[in-house]
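Below is one structure, written out as structure tokens; the observations come after it.
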């Protein structure tokens with residue numbers, strides 16, 4: 001029998017608040033349980049999470065190339081990946097939210113059919129995750145690193161836009177809010193896939209075909225519009241509706257206010273990159289581009305090195321595409337920028353900073369699974385920044 005790789009065992013499940021699995025989902029259709037009966041993805045049966053089995057890994061340099069190994073079981077030269085030493089204890093499984101995070105009742109959720117929560121600080125997302133119970137947290141640095149490692153091993157490259165798809169990154173401008181409800185990838189379950197949603201900016205006296213997507217020209221209002229009657233637009237920009245389903249006649253065309261149905265999903269993790277930036281906890285950038293990390297959620301805090309580990313490297317001082325990576329055993333972080341060898345962009349700033357990963361709707365080629373935004377202070381909150389539930 002072939003040896004299974006860690007990424008082949010990622011699968012969606014419903015996780016109870018006590019961190020027990022309620023049930024697993026059909027691997028190709030998340031609207032069903034394994035037995036074919038209907039699943040409940042609203043939170044009533046638990047949070048929709050992607051289960052990740054414990055993995056062992058190793059890294060070495062061969063000339064200027066990074067060589068990675070990973071296994072589901074111990075082997076000579078391999079060490080337990082830090083993601084599975086959670087809160088000081090070795091765990092068999094880690095869990096990442098299948099969807100971008102949504103806060104309701106003061107708790108961070110991973111549920112289907114909602115617009116991701118934005119405009120909160122990292123500390124607010126942290127508190128909402130912890131409110132779910134012991135062992136819950138928001139997206140953390142070491143589990144991000146584990147997913148990145150699995151992607152590199154599966155595709156033998158860092159450029160996931162080339163390997164999987166652009167994701168929700170191709171908007172011509174930031175539309176001033178998330179555009180996709182969670183769960184658009186439910187129809188493919190644990191399968192990796194991508195459905196494009198690429199709008200243009202509205203233009204006057206322009207022929208538009210049926211189902212073409214557009215966003216306003218003058219002022220972005222947080223919505224996308226679909227052409228439901230093909231025709232030529234008017235000479236002046238219409239007054240765009242801001243109620244989902246409402247329409248506006250625009251010359252010979254008609255537009256409907258919508259939420260998009262596009263998504264990118266890597267083995268059950270919807271929009272790991274793209275759509276909105278996601279906060280990453282357990283990493284603080286201290287004293288100008290020095291990363292400190294932790295995997296103990298009760299000690300997660302901003303602007304501190306207390307109870308954090310110094311990775312012992314300095315990150316680049318310039319915004320640009322990542323060119324080379326640091327020689328680190330478990331972490332994949334840029335050492336230099338300039339030529340686009342890695343495929344993803346890197347953003348930085350001086351002073352104490354926090355981590356965000358993945359990029360958003362209008363970041364284009366800059367976006368990707370390895371795109372880091374280490375630019376913002378811990379007080380940052382924005383309509384293009386959200387979170388994700390982890391356990």
The chain: calculated mean residue ellipticity at 222 nm from DSSP helix runs of at least 4, using -39500 (n - 2.57): -2000 deg cm²/dmol
Taking the chain and dividing mean pair separation by its residue count, relative contact order in percent (alpha carbons under 8 Å, at least six apart): 19 percent
Principal semi-axes in Å for the stretch 6-48 [√(5λ), Cα gyration tensor, largest first]: 16, 14, 7
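Which of 52, 61 comes first, and how do the rest follow, when ranked by fewest Cβ neighbours within 10 Å?
So the ranking, lowest neighbour count to highest, is 61, 52.
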Residue order, fewest to most surrounding Cβ atoms within 10 angstrom, among 270, 89: 89, 270
Spread of Cα-to-Cα distances over 5 Å intervals beginning at zero, given as percent, for the stretch 200-258: 5, 24, 37, 27, 8
Alpha-carbon gyration tensor eigenvalues x 5, square-rooted, for the stretch 60-104, Å: 29, 17, 9
Binned Cα-Cα distances of the stretch 289-338, short to long, each 5 Å bin given as a whole percent: 5, 19, 26, 18, 17, 11, 4, 0
When the stretch 227-341 is reduced to its Cα atoms, the Kirkwood hydrodynamic radius in Å: 18.9 Å
Shape parameters for the chain, alpha-carbon atoms, Rg then Dmax in Å: 21.1, 70
Residue of 366, 271, 211 that the Gaussian network model of the chain assigns the largest fluctuation, springs spanning Cα pairs under 10 Å: 211
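Among 18, 159, which comes first, second and so on when ranked by fewest other beta-carbon atoms within 10 Å?
By the 10 Å Cβ count, ascending, the order reads 18, 159.
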Label-point separation, residue 155 to residue 206 (7 Å along Cα→Cβ), nm: 2.9 nm
Residue among 224, 200, 117 with the largest mean-square fluctuation in a Gaussian network model of the chain, springs linking Cα atoms under 10 Å: 200
Cα-Cα P(r), the stretch 1-118, percent of pairs per 10 Å interval: 13, 34, 30, 18, 5, 0
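Quick note: the coordinates plus some simple rules give every number you see, no bench work behind them. Because the structure is a prediction, the values reported are computed rather than measured. Cβ sites come from the backbone with ideal geometry, for glycine too, and all protein chains shown count toward neighbours.
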